[in-house]
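J.: Below you'll find the structure I mean.
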Amino acid sequence: MVGDTSSAALVAADATIDWWCPSQFDAPPLFTRLLDPAGPCLRVGPDAAGRPQAGTQRYLAGTLVLVTLLRGVESLVEVTDLMPWDGGRGSGRIVRHVTVLRGPADIAVEVVPGVGELSVWSEGVSFDGTVVRCPAEFVIGSAPPPAPARPRRRAVARAVARLDTGAALVVTVDPSGTRGDPLSPDGAHRLIGRTAAAWRRVSGAADLDGPFADAAARSVVVLTALSGNGAPVSSPVTSLPRVVGGERNGDGRIVRPVVAAAWARAAAAAGLAEQADAAVGWLAAALDHAPPLPSALAPDGSAPPSEAPLTGLAGWRRSEPVLVGSNAPDRRTLEAAAAAVAAAAVLGGELEARWERVVAHADWLADHWQDPDASVWDLRGAPRPWVASRLATRDALARAATAARGRNPLDLDAAGWTVGVRAIERWLLHDAVASDGILRATGDPDVPAEQTDAGLVRAAWLGPWPETDHVVRATLERVRSRNGDGEWIVPWPVELDDGLPGDEPPSVAATLWWARAAALTGDLDAAHGRIDAVVAAGGPLGLLPESFDPRTATALGNRPSAEAHASLLDAVLTLVGDARRDA
């Protein structure tokens, strides 16, 4: 992935850009080969007969500047990709710089066009010295020229030149017909240097240490890149499946208030005041929605379009449907409001300035905490009285009451919320704990007590019990034994019919929540083991997926996942805090 906080592009190991939504994360995709082998894409690299060979990829340390190393027949070529960024709003351009390390090499530039509603066209491409021109920049349009009278086979725009140094090109959408100046290789080098320095200012500002500091710094960079509107989109892509060939797909280009709040708190804890303030600002605006707060919103804070299939794409490994939009606002959840209210109480900022909206959502939680909901996992099936949702609600109301009393010791809202906190705690202590002292997944007495939800491990930091209490420790062990798959944790009860065919694979976020809880209870070896497994699943680029199949070592779901990266940052910060307290 390369990005600049306005949008992101995914670059395959053969140096093909196979996913890009220009200008904004939830814009219509222009390159879609990621979700269809015949989809439009753009490739640059050694000229090769047949399918280009995959290379090796790495990021320049602490940055989103991506380097792909490709081998030709007698050549070695390096392709450096970036979206120029100076720390502010991005330009939406992709810069590709080709360096011939061993050669000379025949370098090809190809645009594979799309068809139908995902058409891509170019005006042709040519080399002028070491600059790729079309005619001044490499320009693609989001709408094709008028169709010919007779259908004809789509043509790949292609140019090849023999180079012994390198070349530079800019990829941009230009519906206006204007052109910019071409970018020379020296100009590309300067952009690489400035962009790398901007990203290193971000990664270097985080207060991180310990064995997972590099992985946590990668999460900081990814979350910053995904937060163009203040809070991170769940992912820059849609419909990478959690089950190959199945239907467990969804559009990641939405923002979940739960993840926005997690990023706000983690950024503040890591000393990243600018990112924390931006996420708090997004949450403050989101609270303008009347209660209940939707579990997912568009990046700009508005309601997302209703979920619908995107026709013409076969899906990743034939995993249909390919979906855009979200039906999450149709599902009620306590978690979204609880996360925003808790963030308001802890972080203040713009949320403090909109306290009356915080009050409205906290009042709603106090009135509706017993309602069945879709859980923190935003499940599509029937609502249930999830215990984990009530843990989050108790924590949010307790924090809101403390914050309100800090504003006014006689605050009547605080008194009402405290009554709610005590009611939830009585319910948790008497109705949520089974006879064996372990938290139940739901408050439904007809659901067997042994069914368990990975969201319960958050009792270590959300519940009324000390983190070393028997209830917390025993629940953690039950989740490990019932929902564990090696080092990995399946998110919800394995017996649950969640309205989709097939079984849900282990969740990266659930695994990291378990690791964080284990660290809080003092089981540092178990916490380290889980985090090690997650970091390895991110591959050499450190981009964490939603889900993971440990049997095939396959990353699944939309990737990179903001929830996974925020959860990793939380877990690492917990370990760092433990280490600092013990020092």
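J.: Within the group Ser435, Ser481, which residue is without any contact (Cβ under 8 Å) to a residue 24 or more places away in the chain, out of contact with any strand residue (DSSP E or B) (no Cβ under 6 Å at 6 or more places or on another chain) and within 30 Å of Leu575 (Cα to Cα)?
T.: Ser481
J.: For segment 261-297, which residues satisfy the criterion of being part of a loop (DSSP other than H, G, I, E, B) and either over 21 Å from Asp378 (Cβ atoms) or of a type in the set (D, E, K, R) (or both)? Lay out the reasoning, then the answer.
T.: Taking segment 261-297 as the starting set, the residues that turn out to be part of a loop (DSSP other than H, G, I, E, B) are 270-272, 287-296.
Within segment 261-297, Ala270, Gly271, Leu272, Asp288 qualify.
J.: Can you tell me which residue among Pro385, Pro448, Pro372 is closer than 30 Å to Leu500 by Cβ and at pLDDT below 95?
T.: Pro448
J.: Evaluate the following for Val576: is it modelled with pLDDT under 95, more than 22 Å from Gly250 (Cα to Cα) and either in the same structural domain as Ala216 (by TED's automatic domain parsing) or in contact with a strand residue (DSSP E or B) (Cβ under 7 Å, 6 or more places away or on another chain) (or both)?
T.: yes
J.: Those residues that are crowded, with 21+ Cβ neighbours inside 10 Å, closer than 17 Å to Glu477 by Cβ and not hydrophobic (A, V, I, L, M, F, W, C), I need them from segment 419-449; list them, please.
T.: Within segment 419-449, Arg440 is the sole residue that qualifies.
J.: Can you find, within segment 286-304, the residue that is farthest from the chain's Cα centre (by Cα) among those that are under 19 Å from Leu347 (Cβ atoms) and in contact (Cβ under 8 Å) with a residue 60 or more places away in the chain?
T.: Per the stated criteria, the residue is Asp288.
J.: May I pose another question? Please list, ordered by residue number, the strands (runs of 3 or more DSSP E) wholly in segment 70-117 having 2 or more residues that are under 17 Å from Gln57 (Cβ atoms).
T.: Correct list: 76-82, 94-102.
J.: Shifting gears a bit: All but one of (1) at pLDDT 95 or above; (2) over 29 Å from Glu495 (Cα atoms) hold for Asn408; state the number of the condition that does not hold.
T.: If we test Asn408 against (1) at pLDDT 95 or above; (2) over 29 Å from Glu495 (Cα atoms), just (1) comes out false.
J.: Only residues that are over 26 Å from Leu397 (Cβ atoms) and in a helix (DSSP H, G or I): list them for segment 444-477, please.
T.: Scanning segment 444-477 gives a single hit, Glu477.
J.: Considering only residues that are crowded, with 20+ Cβ neighbours inside 10 Å, touching a residue at least 60 places away in the same chain (Cβ under 8 Å) and among the polar types (S, T, N, Q), which ones fall in segment 67-98?
T.: Of everything in segment 67-98, just one residue is crowded, with 20+ Cβ neighbours inside 10 Å, touching a residue at least 60 places away in the same chain (Cβ under 8 Å) and among the polar types (S, T, N, Q), namely Thr80.
J.: Here's something else I'd like to know. How about segment 484-583: which helices (runs of 4 or more DSSP H) wholly inside it have at least 2 residues that are out of contact with any helix residue (DSSP H, G or I) (no Cβ under 9 Å at 6 or more places or on another chain)?
T.: Counting at least 2 such residues, we get 524-537, 562-582.
J.: Can you name the residue in segment 217-250 that is in a helix (DSSP H, G or I) and either polar (S, T, N, Q) or more than 14 Å from the chain's Cα centre (by Cα) (or both) and, of all such residues, is nearest to Ala564 (Cα to Cα)?
T.: Once the filter is applied, the top-ranked residue is Ser219.
The values are calculated or read from the model by the stated rules, or taken from the named source; none is laboratory data. Computed from a predicted model, the values in this text were never measured in an experiment. Methodologically, a virtual Cβ is constructed for each residue, glycine included, from the backbone with ideal geometry; neighbour enumeration extends over all protein chains shown.
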